[in-house]
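J.: My questions will all concern the structure given below.
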Amino acid sequence: MKIYYDQDADLSYLENQTICILGYGSQGHAHALNLRDSGLKVIVGLRKGGASYEKAKADGFEPLEPAEACAQADVIMMLVPDQVQPEIYEKAVKPNLTAGKMLMFAHGFNIHFGQIVPPADVDVTMVAPKGPGHLVRREYERGAGVPCLIAVEQDATGKAFKRALAYAKGIGGARAGVLETTFREETETDLFGEQCVLCGGVTALIKAGFETLVEAGYQPEIAYFECLHELKLIVDLIYEGGLSYMRYSISDTAEYGDLTRGPRIITEDVKKEMKRVLEEIQSGRFAREWILENQANRPVLNALRRREAEHQIEEVGAKLRAMMPWLKK
Ligand code: NDP
Ligand code: MG
Ligand code: MG
């Protein structure tokens, strides 16, 4: 794996260029502020009337209509939600994407799955911080940074990588380390991670554990604590020091149960199913399903959200969390 740091990156590749940040949400505000504090020329493209318009103004930007901002920019970073990017691209970006400009992303979905097809005479790159926007801003302000992924999909100018690396430096990412990847790798592993482990895998595991205890006659409140609430303690330990540090911190009883029972839960069959999920991602089947779902106004997502909201674990959870004044509303 190739990793780049501040000394490998040269901000001069972006000097005398105007960088347009489209969107001023989680990532948008952090990129715009960090790049500006790094001495680069930043403009913000936003619709009028949205909540973030006032926020950008309060931070000292004069937001422009997206199309106007794209017209003025040499570098355009797409930081609106992934599902609205194709529309904004068609309306505001494409008409102003002249030769030699650089179109940037913080996630590869729309390029990798062909929802946005830029002309051949522009650079297309990705700089994706591995953390939420508030962390990207906070770390920058204290002189540090959040590690980033970097990728080049299209190199029209011969300088695409250097320009993207300068951008990564501008947001503080090169202080921590910039890891080289491809749009394909970033997109497919991101989808796999959220489907099989981080979101899909974890929520299904929590629910199955909760249901098993409740069906065996234990009180739902106790099942909630054991199968959901305490997950945070474990994840914090894993995040800080990996699996071994977590196992060092828990009791020997817990560790023995972990090592002997865990593989009976996540079996070879589960891994086989993970491989099928990965295949659906790689073949574009998942992407097509999700794009069509959005075009149809999300009937499946809405139905599943409704059903999940009615699960007993949500009811019990709301009651128990009301007893925890330290939790944000
Ligand atoms: P947000 O959801 O925070 O983006 C919100 C911004 O987009 C607001 O400025 C909002 O303006 C604008 N916006 C929303 N809908 C529209 C619309 N229909 N038309 C015009 N503007 C609109 O996005 P994120 O920062 O979460 O994500 C941006 C990109 O970064 C994505 O590609 C994502 O995958 C990637 N990414 C996100 C990470 C994260 O931690 N969130 C981490 C790494 C990558 P308004 O106020 O007017 O609604
Ligand atoms: Mg994702
Ligand atoms: Mg316990």
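Quick note: the coordinates plus some simple rules give every number you see, no bench work behind them. The model shown is predicted, which means the values in this text are computed figures rather than measured ones. Here the Cβ positions follow ideal geometry from the backbone for every residue, glycine too, while neighbour counts run over all protein chains shown.
J.: Can you tell me which residues in the stretch 1-50 are in contact with a strand residue (DSSP E or B) (Cβ under 6 Å, 6 or more places away or on another chain), part of a helix (DSSP H, G or I) and free of Cβ contacts under 8 Å to residues at least 60 places away in the same chain?
T.: Ala32, Arg36
J.: Can you pull out the residues in the stretch 57-87 that are touching a residue at least 24 places away in the same chain (Cβ under 8 Å), assigned to a helix (DSSP H, G or I), more than 8 Å from ligand 1 (Cβ to nearest atom) and of a type outside the set (S, T, N, Q)?
T.: Across the stretch 57-87, the qualifying residues are Ala67, Ala69, Cys70, Ala71, Pro86.
J.: Does Leu165 fit the bill of being surrounded by 15 or more Cβ atoms within 10 Å (Cβ to Cβ), touching a residue at least 24 places away in the same chain (Cβ under 8 Å), within 16 Å of ligand 3 (Cβ to nearest atom) and part of a helix (DSSP H, G or I)?
T.: For Leu165, the condition - surrounded by 15 or more Cβ atoms within 10 Å (Cβ to Cβ), touching a residue at least 24 places away in the same chain (Cβ under 8 Å), within 16 Å of ligand 3 (Cβ to nearest atom) and part of a helix (DSSP H, G or I) - is not met.
J.: Residue under question is Tyr239, and the condition is that it be within 16 Å of ligand 1 (Cβ to nearest atom) and surrounded by fewer than 13 Cβ atoms within 10 Å (Cβ to Cβ); does it hold?
T.: yes
J.: Right, next: What are the pairs with Cβ atoms under 6 angstrom where one residue, in the stretch 99-117, is over 17 Å from Ile21 (Cα atoms) and the other, located anywhere, is away from ligand 2 (no atom under 13 Å from the Cβ) and part of a strand (DSSP E or B)? Sequence gap at least six, or different chains.
T.: From residues that are over 17 Å from Ile21 (Cα atoms), the pairs are Ile111/Glu153.
To keep it simple, each residue is scored yes or no on (1) touching a residue at least 40 places away in the same chain (Cβ under 8 Å); (2) under 24 Å from Leu278 (Cα atoms).
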| position | (1), (2) |
| --- | --- |
| Glu185 | no, yes |
| Asp190 | yes, yes |
| Tyr239 | no, no |
| Arg247 | no, no |
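J.: Where in the stretch 88-156 are there strands (runs of 3 or more DSSP E), lying fully within it, with 2 or more residues that are under 20 Å from Gln72 (Cβ atoms) and away from ligand 2 (no atom under 16 Å from the Cβ)?
T.: Here the list reads 102-105, 123-129.
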